[in-house]
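**Student:** Structure incoming, see below.
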């Protein structure tokens, strides 16, 4: 057994004795890294539609991963070099099936495998085209913040296993609070973190420089960090960006992969050991204090648990309040956009009427087709431009939940300090549910059936202007109706993410309280074992 195996084995023993189940993912990740026979996993994280799968398809030179306008990646997919093209599906029950490369989408795609009903653990793909970047392996993760919460959970559960991390962010919407939270969470698991600004072709060179300055300022101000930042585009005319990524990021990782793997493993071990030592110190204090001190803390924690239902109800009520106000607020703030759109559709439709020399039935069809295309185009742009506004309630909810959890943790820490004289090391609560993806724009029509029925017999010379006025009014009405529908759909998606954040906050609070209650189970008879564990882990070289 190596020294590092001994560290993980000792941590696993402590976690089992103290029932620290929250350490299980990190223990498993360290074991996997210790005994890995292949290369470094370069995992690509990011929000839904950040361009992760498109980036990997472009990097490998093969369209093996599904891409589209709806959330597609539902399971972890690993791509690595191999002598021939092949793919295999690994199921949660241990089965492994080899499949044709063309069938990968049937297992990794949300459309063909909704909610992972096929019980897929991962899909492994080998490609000769990845030979130049061996021994690196690339991991495609489900998009954070898609409409499907289980996709977010798959990505987050995989976090402890990350080797190097590429955080994909669309260059035209750089660095939200959610992206910063992901970067902060990744720091627990790897020192190798890179920001990948995808879809760089949407920006001019001057705009890219402006975005780069903004991103670097945000990283320094909010995380006191300078991370590598790369722009990327799959467009042929931006091939230089791919070359720069390969030269400045991938090649150094390949050349020094053993050193990089060692750094990543040391980072994971250090994080795991420090968390374990924190628990051990609290447990030791509980074991060596007087019965009165332990009883005092036990009573304080019992009070907290007794009042936990009040905390849960408070969080649920706030979630409902944020969700309910989202639609009303967005409709109010969309009023200028509604007025501008109605003015625009009136002017452009009036111009179209001058070009349509049609009888009434084809005129109605032309109006319907033109109006639909107009609204699809214009509402899609409104949705894109107003996404930060639609998601504001989500940012407020996340900030409030984080403050509530911090206050809860501080209250628990105060109880421990008062009763046992031990200071708990604060740790971050990771509320991991990203901004929702933009919903597909839906345009529907409800028309006057009577006008449709008599359209074949009405003489256009007599009714053209009245009909045009009717259609202009109808177009303005459809604009307002479909804009309201868009706002309602956004509101529903934001509400779903707020509900998920609230669920996570409740669970994190329960876990924190339960961990302290388990520490109180330690007695004087456990003192020597706890001291020995602290001594062992403190002395073990990483």
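**Student:** What number of residues in segment 317-328 are in contact with a helix residue (DSSP H, G or I) (Cβ under 7 Å, 6 or more places away or on another chain) and surrounded by fewer than 20 Cβ atoms within 10 Å (Cβ to Cβ)? Talk me through it step by step, then tell me what you get.
**Tutor:** Filtering segment 317-328 down to residues in contact with a helix residue (DSSP H, G or I) (Cβ under 7 Å, 6 or more places away or on another chain) leaves 318-319, 322-323, 325-327.
Okay, now just the ones that are also surrounded by fewer than 20 Cβ atoms within 10 Å (Cβ to Cβ), so 318, 325.
Of the residues in that region, 2 qualify.
**Student:** Okay, moving on. Going by the conditions given, is residue 381 without any contact (Cβ under 8 Å) to a residue 12 or more places away in the chain, surrounded by fewer than 19 Cβ atoms within 10 Å (Cβ to Cβ) and under 28 Å from residue 487 (Cα atoms)? Can you show your working first?
**Tutor:** Working: without any contact (Cβ under 8 Å) to a residue 12 or more places away in the chain: yes; surrounded by fewer than 19 Cβ atoms within 10 Å (Cβ to Cβ): yes; under 28 Å from residue 487 (Cα atoms): yes.
In short, yes.
**Student:** Shifting gears a bit: Scan (1) in contact with a helix residue (DSSP H, G or I) (Cβ under 7 Å, 6 or more places away or on another chain); (2) touching a residue at least 40 places away in the same chain (Cβ under 8 Å) for the single condition residue 249 breaks and write down its number.
**Tutor:** Going through the list (1) in contact with a helix residue (DSSP H, G or I) (Cβ under 7 Å, 6 or more places away or on another chain); (2) touching a residue at least 40 places away in the same chain (Cβ under 8 Å), residue 249 breaks only (1).
**Student:** Looking at 245, 202, which is the one that is buried (at least 18 other Cβ atoms within 10 Å of the Cβ), closer than 22 Å to residue 44 by Cα and in the same structural domain as residue 178 (by TED's automatic domain parsing)?
**Tutor:** Working: 202 fails: buried (at least 18 other Cβ atoms within 10 Å of the Cβ).
Every option except 245 fails the conditions.
**Student:** Here is a further query. Would a scan of segment 476-489 turn up a residue that is within 30 Å of residue 313 (Cβ to Cβ), in contact (Cβ under 8 Å) with a residue 24 or more places away in the chain and surrounded by 17 or more Cβ atoms within 10 Å (Cβ to Cβ)?
**Tutor:** Scanning segment 476-489 turns up at least one residue that is within 30 Å of residue 313 (Cβ to Cβ), in contact (Cβ under 8 Å) with a residue 24 or more places away in the chain and surrounded by 17 or more Cβ atoms within 10 Å (Cβ to Cβ).
**Student:** Based on this model, can you work out whether residue 253 counts as at pLDDT below 90, crowded, with 16+ Cβ neighbours inside 10 Å, under 30 Å from residue 23 (Cα atoms) and in contact with a strand residue (DSSP E or B) (Cβ under 7 Å, 6 or more places away or on another chain)? Step through it out loud before you land on a result.
**Tutor:** Numbers: at pLDDT below 90: yes; crowded, with 16+ Cβ neighbours inside 10 Å: yes; under 30 Å from residue 23 (Cα atoms): yes; in contact with a strand residue (DSSP E or B) (Cβ under 7 Å, 6 or more places away or on another chain): yes.
The answer is yes for residue 253.
**Student:** Taking segment 302-320 on its own, how many of its residues are in a helix (DSSP H, G or I), within 20 Å of residue 406 (Cβ to Cβ) and under 33 Å from the mean Cα position of the chain (by Cα)? Show your work before the answer.
**Tutor:** Filtering segment 302-320 for residues in a helix (DSSP H, G or I) gives 302-306, 308-320.
Keeping just the survivors that are within 20 Å of residue 406 (Cβ to Cβ) gives 303-305, 308, 310-319.
Pick out the ones that are also under 33 Å from the mean Cα position of the chain (by Cα) and you get 304-305, 308, 310-319.
Final tally of qualifying residues: 13.
**Student:** Follow-up question, since we're still on this one. For residue 226, all conditions in the list (1) surrounded by fewer than 16 Cβ atoms within 10 Å (Cβ to Cβ); (2) in contact with a helix residue (DSSP H, G or I) (Cβ under 8 Å, 6 or more places away or on another chain); (3) in a helix (DSSP H, G or I) hold save one; what is the number of the exception?
**Tutor:** Among (1) surrounded by fewer than 16 Cβ atoms within 10 Å (Cβ to Cβ); (2) in contact with a helix residue (DSSP H, G or I) (Cβ under 8 Å, 6 or more places away or on another chain); (3) in a helix (DSSP H, G or I), the lone unmet condition for residue 226 is (3).
**Student:** In segment 161-171, how many residues are in a loop (DSSP other than H, G, I, E, B) and modelled with pLDDT under 80?
**Tutor:** The initial filter retains those residues of segment 161-171 that are in a loop (DSSP other than H, G, I, E, B), namely 162-163, 171.
Add one more test, that the residue is modelled with pLDDT under 80, and what stays is 162-163.
Result for segment 161-171: 2.
**Student:** OK, next. Is there any pair with a first residue in segment 102-116 that is outside the structural domain of residue 52 (by TED's automatic domain parsing) and a second that is crowded, with 20+ Cβ neighbours inside 10 Å whose Cβ atoms are under 7 Å apart and which are 6 or more apart or on different chains, and what are they?
**Tutor:** Close Cβ pairs (under 7 Å, with a partner that is crowded, with 20+ Cβ neighbours inside 10 Å) do not exist here.
**Student:** Can you find a residue in segment 489-503 that is more than 18 Å from residue 397 (Cβ to Cβ) and assigned by TED's automatic domain parsing to the domain that holds residue 394? Steps first, please.
**Tutor:** Just the residues of segment 489-503 that are more than 18 Å from residue 397 (Cβ to Cβ), to begin with: 489.
Subsequent filtering for residues that are assigned by TED's automatic domain parsing to the domain that holds residue 394 retains 489.
Checked segment 489-503: at least one residue is more than 18 Å from residue 397 (Cβ to Cβ) and assigned by TED's automatic domain parsing to the domain that holds residue 394.
**Student:** Do we find a residue being farther than 30 Å from residue 515 by Cα, buried (at least 16 other Cβ atoms within 10 Å of the Cβ) and touching a residue at least 40 places away in the same chain (Cβ under 8 Å) anywhere in segment 297-309?
**Tutor:** Initial filter on segment 297-309 (farther than 30 Å from residue 515 by Cα): none.
Within segment 297-309, none of the residues are farther than 30 Å from residue 515 by Cα, buried (at least 16 other Cβ atoms within 10 Å of the Cβ) and touching a residue at least 40 places away in the same chain (Cβ under 8 Å).
The values are calculated or read from the model by the stated rules, or taken from the named source; none is laboratory data. Only a predicted model underlies this, so the values are computations on that prediction, with no experimental measurement involved. Cβ sites come from the backbone with ideal geometry, for glycine too, and all protein chains shown count toward neighbours.
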